[in-house]
Structures are given as structure tokens and as C-alpha cells.
Amino acid sequence: MKQLWQAAEFIRNLRVRLRFGELSRAPLRLLRLEVCSDAATCEWTARPSDPWDAFIPPVVRKDNETFQALRDAVRVRELLFSTLPQIHSAYFRVYRQSGREPPELIITGVSSRGGEPPASLDSLVMRAKLLGFHFSLDDGTLRALQAREGDLELAI
């Protein structure tokens, strides 16, 4: 019962603490949280660009989307490990929803408790990589990754 209560606390904290991003006012959409013994799987949809970004150059808008998605991944990881103390490893998947297109997998990760990068590390990309996230950048834009068997397939 305690594990169920902690999972509910994680979801509440996710909705409160990550309600708005630094560069997008859109909320995170949690797709799946699975907790099994000392491991967890967490999947969500990345925030779309802010409606006010419609008037800035596309390159800047894409950079903002990338920064926001990576920042959210790091923060969700921190929140998961701080809210669920029995979890020692977690698997993450982040999808991007573009209009009516099927969702694209843009970030995956396998992360363990501890092993935090130094606080003096300013590069968000390097911090995310050191925390176990895998992604591909193309001129500052997150590229779609190849989905593997068992990845979430959403019906629109």
C-alpha cells in the first residue's frame, strides 16, 4: 500500500512542480508510470512549443523545444527518485506529438539512483547524457529515435 501511495504522490508532484516549463506553459502529459519492486518505467509526452513562440524564428523555437524536453527529463528523473525511495533504477521514454502524426520517440533513458553529475556542470545536454538519457540532436533539434519492441504505440 505504501508503494501505491508513493506513486500517487509522484503523480501529484509531477502535476504541481512541473505544471509549467521554463520555455513552455503547456503541462507535461504523463502516459505511463509502472513501479515493480525496485524499478520503474515512466513515459510522457514532451511539451509543445509555447503559442507565443509562433512569432520567433523556427531555429529558436526548435532550440526552446529541445531545451524544455531535456530539462523536463532531468527534473522528472529527480522527482521520481526523490518521491519513490525504494526505486533503484528507472527506464524513461519521452515522445513528441506533432499535430495528427503518430507520436515520435525522442528521448530514452535507463538511470540508476545516485551517480549525479557535478553541480558545476553547466551543459544541460551533457548532464542529461551523464544521467543515462539517450537522444540524438540535429542542429539543436531532437531527432526521432527508432522505436523498439515494447515501446508505447499510441492510437490517435
Completion exercise
Computed over the chain: longest principal axis from alpha-carbon atoms vs helix 58-83 long axis, angle to nearest 10 degrees, is 10
Completion exercise
Under a Gaussian network model of the chain whose springs join Cα atoms within less than 10 Å, the largest fluctuation of Ser49, Ser24, Ser136 belongs to Ser136
Problem - Max mean-square fluctuation residue, GNM over the chain, Cα-Cα springs under 10 Å, options Ile56, Ile11, Ile107 - result: Ile56
Handout entry: Qualifying chymotrypsin sites (Phe, Trp or Tyr not before Pro) for the stretch 1-44 [loop in DSSP, other Cβ within 10 Å: at most 13]
Key = Phe20
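Laboratory data are not the source of any read-out in this text; all were calculated from the coordinates shown. All values derive from a computational prediction rather than experimental measurement. Note: ideal-geometry Cβ built from the backbone for every residue, glycine included; neighbour counts use all protein chains shown.
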